[in-house]
Amino acid sequence: MESFTKHTGIVAALNRSNVDTDQIIPKQFLKSIKRTGYGPNAFFDWRYTDDGDLNVDFELHQPRFEGRSILVVRNNFGCGSSREHAVWALFQDGYRVVIAPWKEFNGQREPGFADIFRSNAVKNGLLTVELSSEEVDQIFDLVTANEGLQATVDLISQSITFHTPEPKLFRFEIDESSRDRLIGALDDIALTLQHEEDITRFESKYDAMLPVRSNP
């Protein structure tokens with residue numbers, strides 16, 4: 001896992017809500033026992049025609065998005081199944097940041113990302129940024145008006161700057177635990193190994209041969 005502190009890249013726009021994990025990486029690609037090779041199959045059913053050719057009508061195939069690494073989407077991104085492969089596919093396809101809107105519904109705040117997807121993203125170094133619906137609408141407008149639009153995402157200052165003729169800045173919130181894990185490049189294994197001395201100390205005193213006491 002790579003440390004995330006600051007990233008500058010081209011912004012691509014996927015103007016679709018409720019993009020579920022089966023749309024991000026379809027089920028037929030979950031058979032692999034490896035964690036590599038998923039990138040070319042991200043958004044497979046939209047990305048390719050039934051004949052296996054590139055679908056030139058898929059919005060992310062626009063020449064203006066070539067080399068993109070920041071993706072702006074609509075609400076409820078990553079819903080559906082809990083497959084971690086969805087994050088692997090996005091990361092291996094070159095994305096480092098995904099931006100989605102939260103919105104108010106019946107007096108409650110609905111998040112931009114499904115909870116499990118957001119959790120899987122943190123574990124794999126993919127930053128998920130939630131902004132208001134109004135702010136994300138502005139970003140879609142910026143992408144439309146500025147071909148090859150670049151932005152800098154700064155996790156330290158929790159800000160995104162879009163490099164338009166008059167730079168546009170947005171600030172975002174992220175929980176401290178997720179922020180620390182991304183900056184420190186701490187996946188689940190690295191997080192556990194922070195307590196390696198305590199684990200070693202426990203194992204040195206624990207007799208694995210002791211019989212297990214059963215309940216009477």
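Every read-out reported here was derived from the displayed coordinates using simple, explicitly stated rules and does not represent laboratory data. This one's a predicted model, so the numbers in the text were calculated from it and none came from an experiment. Positions of Cβ are backbone-derived with ideal geometry, glycine not excepted, and every protein chain shown enters the neighbour counts.
Observations on the structure shown:
- Gaussian network model of the chain, springs between alpha carbon atoms under 10 Å - residue of I99, I70, I156 with greatest fluctuation: I156
- For the pair S132 and S119 in one chain, pulling the backbone fully straight at 0.36 nm per residue adds 2.7 nm over the alpha carbon distance.
- Paramagnetic reach from H7 in segment 44-77 [backbone N under 12 Å; point 7 Å along Cα→Cβ]: 68-72
- Taking GluC sites (Glu not before Pro) across segment 131-165, the ones in a DSSP loop with at most 16 further Cβ atoms lying within 10 angstrom of their Cβ are E147.
- Taking 20 Å as the straight-line reach from the Cα of K27, none of the lysines fall in range once those fewer than 8 positions away in the same chain are excluded.
- In terms of its C-alpha gyration tensor, segment 1-156 comes out rounded, because the ratio a/c of the largest to the smallest axis stays below 1.5.
- Rounded to the nearest Hz, the phi-derived 3J(HN,Hα) couplings of segment 170-186 under the Karplus curve 6.51 cos²θ - 1.76 cosθ + 1.60 (θ = phi - 60°) are 10, 10, 10, 9, 8, 5, 4, 4, 5, 4, 5, 5, 5, 5, x, 6, 9, where x marks glycine and proline.
- Computed label-point distance, nm, for sites D50 and S82 using a 7 Å Cα→Cβ extension: 3.6 nm
- The string of couplings for segment 122-139 from the Karplus curve (6.51, -1.76, 1.60, θ = phi - 60°) is 4, 5, 10, x, 9, 7, 9, 10, 9, 10, 5, 4, 5, 5, 5, 4, 4, 5 Hz, one whole number per residue in order, with x for Gly and Pro.
- Seen against the Cα atoms of the chain and their longest principal axis, helix 196-205 is set at about 20 degrees.
- Loop chymotrypsin sites (Phe, Trp or Tyr not before Pro), segment 52-136, which have at most 15 other Cβ atoms in a 10 Å radius of their Cβ (DSSP): F58
- Reachable aspartates and glutamates, given that their alpha-carbon falls under 14 Å from the alpha-carbon of K34 and they are not under 8 places away in the same chain: E84
- Extending 7 Å from the Cα toward the beta-carbon at both L169 and D141 defines two label points whose distance is 2.0 nm.
- Beta bridges from DSSP with both residues in the chain: antiparallel share about 55 percent, rounded to the nearest 5.
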